[in-house]
Amino acid sequence: MLYAIQEAAYRTAAPVRLAAEFARDFWRSPFNPASASDLGRRLYASSDMVAGLTKRYFKPAWNIHEVTVAGRAVRVTCETRWASPWVKLLHFRRDEGDLAEAGVRGTSPPVLIVAPLSGHFATLLRGTVQTFLLDHDVFVTDWSNARDVPLFEGRFGFHGYVDAIGEMLRRIGRRAHVVAVCQPGPPVLAQAALMAEDQDPLRPASLTFMGSPIDARLSPTVTNRLAEERPFAWFQTNMIYSVPWPYAGAFRRVYPGFVQLASFMSMNLEQHQAAHHRYFDHLVVGDGDSADKHREFYDEYLSVLDLSEEFYLETIDIVFQKYLLPKGELFHDGRRVDPAAITDIGLMTVEGENDDISGVGQTQAAHGLCLNLPKDRHELYVQPGVGHYGVFNGRRFAAEIYPRVRDFIARNEQALSRGPITLSQDDGLVSKTTRGRRAA
């Protein structure tokens, strides 16, 4: 019912939105002599705010057409390597001729960036992808919006996610370095453990987990406490709704993206309100650059997707209530998932000191689960001064986190043919930045 009400509200607001857009264009027009007045600028800013708050935000385009490598522009094309109704494996291919002109020879390490399926589209990682393209052959998981998947395509749950990761790794065709951002941590680790146990020749070459809830019992956040305090039946009753007509996935039961968005925004409501006040002021004074940055961020942030009922509820059950993976009780297709089977896959964890989604300790718990991985294949890093988003995007990511991940991948790529490597300067697990902060 809530989904239908939300759709009705959007359609009811259409006249207001159209009027606001007309007023915005009128007060912005250079042919309007009053547009430069203080009143005109305030009316323009007000109508722009109303238009933005009432419009529908669709999935943004990737818009990655080139990157700069060694001071030269390198063209980038995006192609779909494999697809199912629930996900596309995108390959961002750098032009080989441009790379040669930039002095890049040989084959770049393949990196599979596993985007979170937690309410936002994979395009939220646009900056992450662009950064990795500087040095790597990049693949990305582009998850589908559940409301657009017809009922006849069947169900998609946590275990379907695990299977999809394995299928994509095999489609890449060579051992890839996996970078799991936030939510994918548990299913990615599960698939890596299964492939390691099978000695699958296309098992990951390395795993990098960034702000992932490997063990959500550690350093619990508001999100963790909500999952613990509410009974499982509460999530079934209060968080799941039917997709209305005329969407392709009509009548599919989903966890709506707008519900997740409301939850995200409520956690930092004052910050979002302050950001919109600043945006209004930027419009009034004509600070176009700052206004454009605000629009760019919120065009992405307010674009959300629905999760299938089974994936959302199984994730709540497996990851946030029963903690099956860290307790050694997760089974997949009748097999117990045992991370101790991992013996030759490099493992790096990255956490943000101020992460309010996955607290410090939840991600690095992966090291304790991979008991048979030599110490020189572990690397642990906590980035000072960043929250959850800063772990995988933004200035601090590009300048401080990415170089460490890049070097870690390079050393593990070498290990595929050169044998043992040394990744850290002390005991192989705790970096200088994180000494003394290892999870209990």
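The values are calculated or read from the model by the stated rules, or taken from the named source; none is laboratory data. Just so you know, these numbers come straight off a predicted model, no measurement behind them. When we count neighbours, we look across all protein chains shown, and the Cβ atoms used for this are built from the backbone with ideal geometry, even at glycine.
Just one of (1) closer than 30 Å to Val284 by Cβ; (2) at pLDDT 95 or above trips up Arg42, so point out which.
(2)
Looking at (1) crowded, with 18+ Cβ neighbours inside 10 Å; (2) in contact with a strand residue (DSSP E or B) (Cβ under 8 Å, 6 or more places away or on another chain); (3) modelled with pLDDT of 50 or more; (4) outside any helix (DSSP H, G or I), which is the one condition that is false for Leu423?
That leaves (3) as the condition not met.
(1) surrounded by fewer than 22 Cβ atoms within 10 Å (Cβ to Cβ); (2) modelled with pLDDT of 95 or more; (3) more than 18 Å from Phe392 (Cβ to Cβ): which one isn't true of Phe158, the others all being true?
(1)
Looking for something closer than 15 Å to Val149 by Cα, in contact (Cβ under 8 Å) with a residue 40 or more places away in the chain, outside any helix (DSSP H, G or I) and not assigned by TED's automatic domain parsing to the domain that holds Arg41 - is there at least one such residue anywhere in the range 256-276?
As a first pass, look at the range 256-276 and keep what is closer than 15 Å to Val149 by Cα: 256-257.
Narrowing further to those that are in contact (Cβ under 8 Å) with a residue 40 or more places away in the chain: 256-257.
Imposing the further condition that a residue be outside any helix (DSSP H, G or I) reduces the set to 256.
Among the residues that remain, those that are also not assigned by TED's automatic domain parsing to the domain that holds Arg41 are: 256.
Yes, that holds for at least one residue.
Looking at (1) in contact with a helix residue (DSSP H, G or I) (Cβ under 8 Å, 6 or more places away or on another chain); (2) assigned to a loop (DSSP other than H, G, I, E, B); (3) of a type in the set (A, V, I, L, M); (4) at pLDDT below 90, which one does Ala61 not meet, given that it meets all the others?
So Ala61 meets the others, but not (4).
Is it the case that the range 200-210 has a residue that's surrounded by fewer than 17 Cβ atoms within 10 Å (Cβ to Cβ) and in contact with a Phe, Trp or Tyr (Cβ under 9 Å, 6 or more places away or on another chain)?
No, the range 200-210 contains no residue that is surrounded by fewer than 17 Cβ atoms within 10 Å (Cβ to Cβ) and in contact with a Phe, Trp or Tyr (Cβ under 9 Å, 6 or more places away or on another chain).
With the requirement that a residue be touching a strand residue (DSSP E or B) at 6+ places or on another chain (Cβ under 7 Å) and touching a residue at least 40 places away in the same chain (Cβ under 8 Å), what does the range 39-67 give you?
Trp62, Ile64, Val67
Counting only residues that are surrounded by 15 or more Cβ atoms within 10 Å (Cβ to Cβ) and out of contact with any Phe, Trp or Tyr (no Cβ under 9 Å at 6 or more places or on another chain), give me the helices (runs of 4 or more DSSP H) lying completely in the range 282-392 with at least 1 of them.
365-369
Conditions: (1) assigned by TED's automatic domain parsing to the domain that holds Gln183; (2) crowded, with 17+ Cβ neighbours inside 10 Å; (3) at negative phi; (4) of a type outside the set (A, V, I, L, M, F, W, C). Thr80 meets all but one. Number of the miss?
(2)
Yes/no per residue for (1) farther than 30 Å from Gly119 by Cβ; (2) in a strand (DSSP E or B); (3) out of contact with any helix residue (DSSP H, G or I) (no Cβ under 7 Å at 6 or more places or on another chain):
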site: Arg17; (1), (2), (3): no, no, no
site: Ala20; (1), (2), (3): no, no, no
site: Ala23; (1), (2), (3): yes, no, no
site: Phe31; (1), (2), (3): yes, no, yes
site: Ala45; (1), (2), (3): no, no, no
site: Arg75; (1), (2), (3): yes, yes, no
site: Trp82; (1), (2), (3): no, yes, no
